[in-house]
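A.B. asks: Before I ask anything, let me first share the structure, which is written out below as structure tokens.
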Amino acid sequence: MIQEARARDTVGIFTYMADAATTEVAPGDAAEAALAFLGEMSLDLRGAAILDSGGAVMAAAGDHDRWREDAAVLLEVADRAGGEPAEQVHVATEQGEVFALRHAGLTAVAVTERFALASLMFFDMRSILRDLALTNSTGGEG
Amino acid sequence: MPPKPHRVLLDRVSGYADEAAAYMRRRRIARRPFARLYYATGRSADHADDSTSGAELFVAAGRLIEVAGKRPKG
């Protein structure tokens, strides 16, 4: 009796669950949210940008054109330096540190204070790109 | 007379904290700028700042640092 009631209720619960396709998130909004999340996780972060597979800026802290141009230059130089596409770039200077990561066709570029922990930065960047790629493939633009 | 157990624990934690602080101090003093690339195959490569590729990477990184500006307050 109880099992029957539970089964009936459970069916009801699932009936009212929102379908993934009905909760669409625009890729730009998702990217902005991902960037904000990266800022919350990484206290050393000064600024960051997320680029799509074509190199266009999906979200950035500041001037989108500058981020697009300068990120493209960094990635182009990095690819040329090793003779193959670099998956991760880490440049540490006296003025700050630059991280770039490619994952699932997306690219995240971040600038931090000096001595930011590289492994954590790359982990956080990979994490937001993975989530963003998932969002784009399931609910974003379809 | 043996020390109290909590004293041993505190000493041990303080010791680890001191080690970590010393490591961070040495890292700040000794660390030089570098450019490091990682590839999907697991390979990584350092590029010295006096090499052509290293210099280009530093210039490109400098431009991005300029774009990002200073860390927002608060």
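A.B. asks: Would you please give the FRET efficiency between A:E94 and B:K4, computed as 1/(1 + (r/R0)^6) with r the Cβ-Cβ distance and R0 = 41 Å, to the nearest 0.05? Kindly include the intermediate steps, with their values, before the conclusion.
C.D. replies: Numbers: r = 48 Å, r/R0 = 1.16.
Result of the calculation: an efficiency of 0.30.
A.B. asks: Let me ask something additional. Which FRET efficiency, nearest 0.05, do B:D49 and B:A20 yield, Cβ-Cβ r, R0 30 Å?
C.D. replies: Details: r = 29 Å, r/R0 = 0.96.
E(calc), rounded to 0.05, equals 0.55.
A.B. asks: Answer rounded, prolate or oblate for chain B, using the Cα gyration tensor with square roots of eigenvalues a ≥ b ≥ c: rounded when a/c is under 1.5, else prolate when a/b is larger than b/c, else oblate. If you can, show how the numbers build up before the last one.
C.D. replies: Details: a/c = 3.35, a/b = 2.25, b/c = 1.49.
Note, shape of chain B comes out prolate.
A.B. asks: Counting Lys +1, Arg +1, Asp -1, Glu -1, what net charge surrounds B:R26 among other residues with beta carbon under 14 Å of its beta carbon?
C.D. replies: The answer is +3.
A.B. asks: Near the amide H of A:A59, under 5 Å away, which other amide H atoms are found, from residues 5 or more places off or on another chain, if H is placed in the peptide plane?
C.D. replies: A:I50
A.B. asks: Once you charge only the Cβ atoms, +1 for Lys and Arg and -1 for Asp and Glu, what is the size of the charge dipole of chain B about its Cα centre, to the nearest 20 debye?
C.D. replies: Working: 15 positive and 8 negative charges, 91 e Å.
Charge dipole of chain B: 440 debye, to the nearest 20.
Here, each number is a calculation from the coordinates, and none is a lab measurement. The structure displayed is predicted, hence computed values, not measured ones. Virtual Cβ from ideal backbone geometry, glycine too; neighbours counted across all protein chains shown.
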